[in-house]
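Following: one structure in structure tokens, then a few remarks.
The values are calculated or read from the model by the stated rules, or taken from the named source; none is laboratory data. Computed from a predicted structure; not experimentally measured. So basically every Cβ, Gly included, is an ideal-geometry build from the backbone, and we count neighbours across all protein chains shown. Ligands, DNA and RNA are excluded from the accessible area calculation, which covers all protein heavy atoms including side chains. Shrake-Rupley method; radii C 1.70, N 1.55, O 1.52, S 1.80 Å.
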Amino acid sequence: MKITRIETLETPTYPNLLWVQLHTDDGLTGLGETFSGPAPVAAYVHQTVAPYLLGKDPRAVERHYQALSGGMAHRAMGAEARGVSAIDIALWDLFGQSVGLPIYACLGGPVRERIRIYNTCAGYGYNVHKSRAPGGAFSASWGLGEHEGPYEDLIAWQEQGRAADVARSLLEMGITAMKIWPFDQFADETGGQHITLAQIEEGLKPFRQIREAVGLQMEIAVELHSRWNLQSAIRIAEALEEVKPPWYEDPIRMDNADALAEFARSTRVPVTASETLTTRYAFRELLERRAVGIVMLDPGWVGGLSEARRIAALAEAYHRPVAPHDCTGPVVYTAGAHLCLATPNAMIQEGVRAYYHGWYRDVLTELPAVADGFVAAPPGPGLGTRLLPDFAARPDVAVRASAL
């Protein structure tokens, strides 16, 4: 078996996503994905990856990962890291297909049949442009725009003050954990250098609404998006302890492990970090300094499944769980579900119900099944899913190819 053609696919309908397809002379196609800045990632794939990978056997996944990952940055999720991540996921997909097994089986077999899922309370408009391809199930725009459907969670909790309604709806589906970010709106005023007591009280409102409505039935994770300096993040964390969140995610920028460790020492709530890091070396630094309680990695940024499993094993050595990130695209979401099934210290998988009940279905043939608050990876070979048969032919999709 050898790789004969490498394709990248972009569309303004999903302006931050890039898909990669690796075609082989055996008729198999491996699928990968990454998020943010698709144009430079596509350039990297065709200028650097294609000359190396074309003509080679895709089943030598580790050899190819070693050959390609040397250019990945230590911290930032640059074009090389994103490109390697997408390629690596596609290689694992091909490996699984070639032996007739799902990826989680190829990673050593399942340690569980399903994993708990939490809902990041985004909405249909995230990562979707209003000029959708014809035939879509709903209309949406970039950010907070037009929407249609029952799971517009972002507008509900952020603009309409209905955080309690979102929590009740999730509980009805069996989902007992959610994530919101009500302090981000105040970071813009000072560049994250200060937050007032009045702003903290305003940010606490959705948490208190949820606690008053459903008590402790719902875990409410806090996303801070690395928007704050150390002292402001500590001030927010102190105020939030009353609502007993399961974690504080990315409270400060991930450029100073000592500062993050100082934040971690200031609170009893675990720090979750970080979707913004690449490679095990950056995570090792946080773990050594006791700066992180829950390791969050994104298979589409960190270096693919090959690096994700290394990071998970490293975290396990420090008695830390992992919680794969996904608020991006359906392939990475699927890859994360496979990783969780094969990873002993996997804690929970991120999901966005507006995505997996919405536009994810416009892209892939199969998705991880969510039921009773848990998610399971597709059972088919490899990822267990493909791009929809007509996806590449859509008028809004641009396909670029390198071939033997």
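At a 1.4 Å probe, what is the % contribution of carbon and sulfur to the accessible area of the range 286-385?
It is 51 percent, rounded to a whole number.
Just how much of Thr48 is accessible, in Å², when a 1.4 Å probe is used and the result is rounded to the nearest 10?
That residue has around 70 Å² of solvent-accessible surface.
With the other protein chains left in place, how much accessible area per residue, in square angstrom, belongs to the chain at a 1.4 angstrom probe?
Accessible surface, normalised per residue, equals 37 Å².
Once both labels are modelled 7 Å past Cα along the beta-carbon direction, what's the Asn256-Gln193 spacing in nm?
Reported label-point gap for Asn256 and Gln193 is 1.4 nm.
Can you tell me what percent of all Cα-Cα pairs in the range 161-273 are more than 22 Å apart?
30 percent
Test of understanding: express the Cα radius of gyration of the chain as a ratio to 2.2 N^0.38 Å, with N the residue count.
0.95
Over the chain, how many pairs of lysines fall under 19 Å by alpha carbon, counting only those 8 or more apart in sequence or from different chains?
Lysine pairs satisfying the spacing and distance rule in the chain number 4.
On full extension of the chain, what length is gained from Glu238 through Glu201, given 0.36 nm per residue of separation minus the C-alpha to C-alpha distance?
Result for the pair: 12.1 nm of gain on full extension.
Under a 1.4 angstrom probe, counting protein chains only, how are Lys205, Lys244, Lys56, Lys179 ranked by accessible area, largest first?
Largest to smallest exposure gives the sequence Lys244, Lys205, Lys56, Lys179.
Dipole of the chain (Lys/Arg Cβ +1, Asp/Glu Cβ -1, origin at the Cα centre): which of Met1, Gly71, Gln97 lies farthest to the positive side?
Met1
So, taking all protein chains as they sit and a 1.4 Å probe, how much accessible area belongs to Met1, in Å² rounded to tens?
50 Å²
So how much slack lies between Ala60 and Glu212, counting 0.36 nm per residue of separation and subtracting their Cα-Cα distance, in nm?
Result for the pair: 49.3 nm of gain on full extension.
Could you check what % of the DSSP bridge pairs in the chain are antiparallel, to the nearest 5?
Within the chain, antiparallel bridges account for around 60 percent of the total.
On full extension of the chain, what length is gained from Tyr281 through Leu404, given 0.36 nm per residue of separation minus the C-alpha to C-alpha distance?
Roughly 40.8 nm would be gained on extension.
Can you give the three extents of the C-alpha atoms in the range 252-391 along their principal axes, from longest to shortest, in whole Å?
The Cα atoms of the range 252-391 stretch 50, 27, 26 Å along the principal axes, largest first.
For the range 63-102, what are Rg and Dmax over the alpha carbons, in angstrom?
11.8, 35
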